[in-house]
1. So which residues in segment 241-283 are in contact (Cβ under 8 Å) with a residue 12 or more places away in the chain and among the small types (Gly, Ala, Ser), if there are any at all?
2. Among the candidates Glu197, Glu128, Glu158, Glu121, single out the residue that is over 30 Å from Asp267 (Cα atoms), open to solvent by less than 40 Å² (accessible area, probe 1.4 Å) and charged (D, E, K, R).
3. Go through segment 464-477 and give me each residue that's part of a loop (DSSP other than H, G, I, E, B) and either surrounded by 15 or more Cβ atoms within 10 Å (Cβ to Cβ) or in contact with a strand residue (DSSP E or B) (Cβ under 7 Å, 6 or more places away or on another chain) (or both).
4. Are there any pairs with C-beta distances below 9 angstrom linking a residue in segment 639-656 that is touching a residue at least 24 places away in the same chain (Cβ under 8 Å) and more than 15 Å from Leu680 (Cα to Cα) to a residue that is among the polar types (S, T, N, Q) and part of a loop (DSSP other than H, G, I, E, B), with the two at least 6 apart or on different chains, and if so which?
5. Select from segment 530-549 the residues that are in contact with a strand residue (DSSP E or B) (Cβ under 8 Å, 6 or more places away or on another chain) and either open to solvent by 20 Å² or more (accessible area, probe 1.4 Å) or not polar (S, T, N, Q) (or both) and list them in ascending order.
6. Could you list, in sequence order, the residues of segment 292-325 that are hydroxyl-bearing (Ser, Thr, Tyr) and under 13 Å from the mean Cα position of the chain (by Cα)?
7. If you take the residues in segment 478-505 that are part of a loop (DSSP other than H, G, I, E, B), within 19 Å of the chain's Cα centre (by Cα) and not aromatic (Phe, Trp, Tyr), which one is farthest from Asp617 (Cα to Cα)?
8. Sort out for me the helices (runs of 4 or more DSSP H) sitting completely within segment 306-408 that have 3 or more residues that are in contact with a Phe, Trp or Tyr (Cβ under 6 Å, 6 or more places away or on another chain).
Amino acid sequence: MSEPEGTPPAPATSRPGRRRLLRAGLGTGGALAAVRLLPGGRAWAAAPAAGLRPAPAAPATTPGAAGGAQPWPDWARFARIADGTFNEPADMQSAVDALKAQNVSVVELDTLLSNWLTDAEFAAHMAEVKTFTGLAHAAGLKVVMYYPSLELISPGGEKGRSFYKNDQGGNWVQRDLAGRPNVFYGSVVVWVDPGDESVWLSPNSPWRDYYLKRIKGVAATGVDGIWPDVPIYFDGVLSWCDASTWGAAAFRADTGLALPKAADFADPTFRRYVEWRHRNLLRFQLDIAAAGRSVNPDLVTFVETVSMDYRYATSIGLDGGYLRQAEGAVSQVWEVDILGNYDGMRHATATDWVCLISMYKYARGASGTKPAWAFSYGWQADDASLVMSQLIAAGCNPYEVKTPFKNDTVDAAMRTRMYAFVRANQERLYDAAPIAEVGVYHSSPSRDYVAPGAGIGMYANATAPAGITDWWGGDDPEQSCAAVPWLGEFRGTVKALVYAHVPFDTVPSPGLTAADLTRFKVLLLPDLQAVSDAEAAALRGFVAAGGTIVITGPAPTALDELGGHRTEFALSDVLGLRRADPLPATRQNAYGAGTCWYVRNRAGLSYLTRTDQASADQLLAAVRQSAPPAVTLAGDRRIYLDARRLGADTVVHLVNFTNFGDTPAAFRTTPANCTLSYTLPPGTTPTAVTVATPDGTDPTPKPAPHTVTGTTLSIPLTLTQYSVVTITTR
């Protein structure tokens, strides 16, 4: 008997969820020759169906609006996350028991929802999810349901029936600017098996209502949260989607413009399209969260976000900073990738490690005051624990997983040990407030519009070490962050701060307000070129009120927020420079009660590639003068230091990456000796100093030897991978 029209094939019982794309050569459509696409595709010229309107593109909550009124539950703030995939219903209890034994507190449940399911199959599976959730709750665990948001996989769909060929996929598919459908068959990415179909749907099409209805069905099972996977304009085979009729209608409704004809950064309409896609996907994320809360008001949403501080957000449309101030319990799971699919960070350079630090710090900053969950990828236990140490030190919650998939641990004993440390120290890890007085400004429009090119810049070393396969950069030097001028300047600024042991926080640009800057004394603005009038006003007010900014690069605030040329610098008055004048090599200008330091060259990019003291001095002279840190470290510069405050306690994080050098080498862990110093606030004395570490068998804080000389408290330490020092004063 033939299957009725629109019926998908019976899904497999379970399979690993979709996983990361090897982006080298794919981000600009480079894989197109290696993948079979359906030529042209049907329904390209079809208008939106009668009675259906494209979803509005403007966000329900503007990025700058005050958000976070809904409090976050402790389980989300202190989460220790792991995959809980079960193969058969009979496996549910054993899966729950294993995760409980590993000190996991939140189960990310990834089952069949990547696949094309009929309504009946979906309902039957939700009954299984409800059963699993009940078992997890009985064990004291929370459940967050993974559900791809814009991708749908049809198992066997290359030759058999598929959502694209036999259902609504052909009408709802994303399309590039030439009208080609965003659909492919197997072997392009690790999560789509050979012979399977992957179709990426337009969030502006009726797929939106289809998906939101099913989100409500998931919420009704009693799960505690929803994990929508990467709502992006997928660019693994085609670039610059969504130019479907649905996308075109939404773009016109929002901007009054027709879609651009081609990808051309010289075209103001195309640049508008680049920015619009960020906001368009923001609205979709907010609608997902709202749909879940309409069924369960206590439901939280964590959107898996693969775009970090580097240039991938430009091409896929998902800028993580846009969600920062959105109202309600909606935040991110940051998919922070590592160097090698089958090697982890085992052959990183020290600069690659700084890139990882930069990504985790960006994740923490872009999530604002909300919990920031993040992937903790690894290949073996020792590299996996070091990656997780940096993730925790940056203030993120770990989702431990073995690369390149997401359904297994690197090592159960390692996970158990690390998660025991998080559980024992969760308040000092996640309740402590940042005390960094130095901020590094991450400019989304500068990322998008300053020297756009092919490279995405995830790490510095794009060339695979000998014998290592599936390297992130695909042996393409253009992929290196050193080849992307704006990003290289940003990452080099981070490197200078890390090597100087200066605590800092990342300040994302979308929705910037004066309140975002009040706790900083110094704000570093790497190669800040593209800036809105509102951003410029906030920065101007910061300096006028007594703050110090350090701005670098050849065209300071010379572009507007859409990459258009300004006739005058947006911060001309603060810089003390006019665009018509020759730019000095350096300049200090007093403005109001504050100061602007300008450096014409890209000192950060220089420091990224050369690690030269002269460039570091250009970046950090203002920091030393205006915001000398209270916590300092005498020791190898490849020890990461961060500091926060919890009541009367100062909590200092130290991560040892001294095993990394200037060239890739075999992974090792070498204990490092150092001395931590703390300048006691006037009139205070230390009452306790403790050290906690996940490196041994006991994660609880232990008293630490220390001395006091005048107002300086000194603590000698031997650091293996990670230690947390707590200083209590009265």
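1. Kept after step one, since they are in contact (Cβ under 8 Å) with a residue 12 or more places away in the chain, are these residues of segment 241-283: 241-247, 249-251, 253-255, 257, 259-263, 265, 268-269, 271-283.
Once the filter is applied, which keeps residues that are in contact (Cβ under 8 Å) with a residue 12 or more places away in the chain and among the small types (Gly, Ala, Ser), segment 241-283 yields Ala243, Ser244, Gly247, Ala249, Ala250, Ala253, Ala262, Ala263.
2. Working: Glu128 fails: open to solvent by less than 40 Å² (accessible area, probe 1.4 Å); Glu158 fails: open to solvent by less than 40 Å² (accessible area, probe 1.4 Å); Glu121 fails: open to solvent by less than 40 Å² (accessible area, probe 1.4 Å).
Going through Glu197, Glu128, Glu158, Glu121 in turn, just one is over 30 Å from Asp267 (Cα atoms), open to solvent by less than 40 Å² (accessible area, probe 1.4 Å) and charged (D, E, K, R): Glu197.
3. Within segment 464-477, the subset part of a loop (DSSP other than H, G, I, E, B) is 464-470, 472-476.
Hits for segment 464-477 are Ala464, Pro465, Ile468, Asp470, Trp472, Gly473, Gly474, Asp476.
4. Filtered contacts from segment 639-656: Ile639/Thr658; Val655/Gln721; Asn656/Thr669; Asn656/Thr670; Asn656/Thr720; Asn656/Gln721.
5. The initial filter retains those residues of segment 530-549 that are in contact with a strand residue (DSSP E or B) (Cβ under 8 Å, 6 or more places away or on another chain), namely 530-531, 539-540, 542-549.
Ala530, Val531, Leu539, Arg540, Phe542, Val543, Ala544, Ala545, Gly546, Gly547, Ile549, listed by residue number.
6. Within segment 292-325, the subset hydroxyl-bearing (Ser, Thr, Tyr) is 294, 301, 305, 307, 310, 312, 314-315, 322.
Within segment 292-325, Thr305, Ser307, Tyr310, Tyr312, Tyr322 meet the criteria.
7. Residues of segment 478-505 that are part of a loop (DSSP other than H, G, I, E, B), as a first pass: 480, 484, 500-504.
Applying the additional criterion that residues be within 19 Å of the chain's Cα centre (by Cα) yields 480, 484, 504.
Okay, now just the ones that are also not aromatic (Phe, Trp, Tyr), so 480, 484.
On the way: Ser480: 24, Val484: 22 Å.
In this case the residue turns out to be Ser480.
8. Numbers: elements: 312-316, 350-366, 381-393.
By residue number, 350-366, 381-393.
The values are calculated or read from the model by the stated rules, or taken from the named source; none is laboratory data. Note that the structure is a prediction, hence the values are computed from the model and not measured. All Cβ positions, glycine included, derive from the backbone under ideal geometry; neighbour counts span all protein chains shown. Heavy atoms of the whole protein, side chains included, go into the accessibility calculation; ligands, DNA and RNA do not. Shrake-Rupley method; radii C 1.70, N 1.55, O 1.52, S 1.80 Å.
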